[in-house]
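Only the coordinates and a few stated rules stand behind these numbers; no lab work does. Treat the numbers as computed from the prediction; the structure is a model and nothing was measured. For neighbour counting, all protein chains shown are included, and Cβ atoms are generated from backbone atoms with ideal geometry for every residue, glycine included.
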């Protein structure tokens, strides 16, 4: 029987990324203190949106990933991280596929305050 | 003037680790949703303790890092992560120096419920 997610175990990030292929569909790799640690593969451009009640932290594992704001962009490569302030409109993008870890409250929907679309990921999916 | 920590910027993890040398002194690299993202260099064995009110997430960037429980140990290398359940006694260890990212609520003291000691890190130190 699978151990509950909270049991002490090693979680291998590369193995988790290898377990799925689709883009813009974050998976929960771990949970702690009401937050999710999610893994997502990104490619292309995500819709503009904001999260009125949460910061989002992005940490890049592979490839290049960009957070675009209306007045600037933050470019990230492997081993680089950024925090998206709450309530600030942004969109994310990767010209080629990237692998990105996200830290955010478990209730956060990936498309935030934008209208639900094909980009709106199902909640609670684990990897 | 330095930008506030919440302003959108790229945070380079390797550069942050290069900015300090001491062991068992976590630095805050970013904050989000009441949580700290801390960086720590580890070497040797940390005292037994628990955190009654918080999970702790450890993600290894360099070297090898071990979370010991009374009945098992979780061994981690680069790109591996583990969650320490709240209230469960544990200690951490690295035979050689390791670089580790920690996610936990901002109010968490590194030595938890153990008596304050030389291992108790000052709160709120940033890198």
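Some points to look at:
- Among B:28, A:11, the order by Cβ neighbours within 10 angstrom, fewest to most, reads B:28, A:11.
- When the convex hull of its Cα atoms is viewed from all sides, the range B:61-127 shows a mean projected area of 5.3 nm².
- Each helix, a run of at least 4 DSSP H residues, gives -39500 (n - 2.57); summed and divided by the residues of chain B, these come to -1000 deg cm²/dmol at 222 nm.
- Virtual spin-label span in nm between residue B:96 and residue A:96, 7 Å along Cα→Cβ: 3.1
- Using a 7 Å Cα-to-Cβ projection, residue A:109 label spacings across copies, nm, ascending: 4.2
- Here the calculated FRET efficiency for residue B:22 and residue A:43, from their Cβ-Cβ distance with R0 = 51 Å, stands at 0.80, rounded to the nearest 0.05.
- Relative contact order of chain A, defined on C-alpha pairs under 8 angstrom at six or more residues apart (%): 31
- When the Gaussian network model of chain B links Cα atoms closer than 10 Å, the mean-square fluctuations of B:12, B:36, B:113 top out at B:12.
- The mean of 1/r over all distinct Cα pairs in the protein assembly as shown, once inverted, gives the Kirkwood hydrodynamic radius of 18.6 Å.
- Dimensions in Å of chain B - Rg and Dmax from alpha carbons: 14.1, 50
- Förster radius 51 Å - calculated FRET efficiency between residue A:53 and residue B:116, Cβ distance, rounded to 0.05: 0.90
- By the count of neighbouring beta-carbon atoms within 10 Å, fewest first, A:56, A:89, A:99, B:68 end up ordered A:89, B:68, A:99, A:56.
- Label-point gap, in nm, between residue A:125 and residue A:71 - each point 7 angstrom along Cα→Cβ: 3.6
- Ranked from shortest, the separations from the 7 Å Cα-to-Cβ label point of residue A:87 to its equivalents in the other copies are 3.6 nm.
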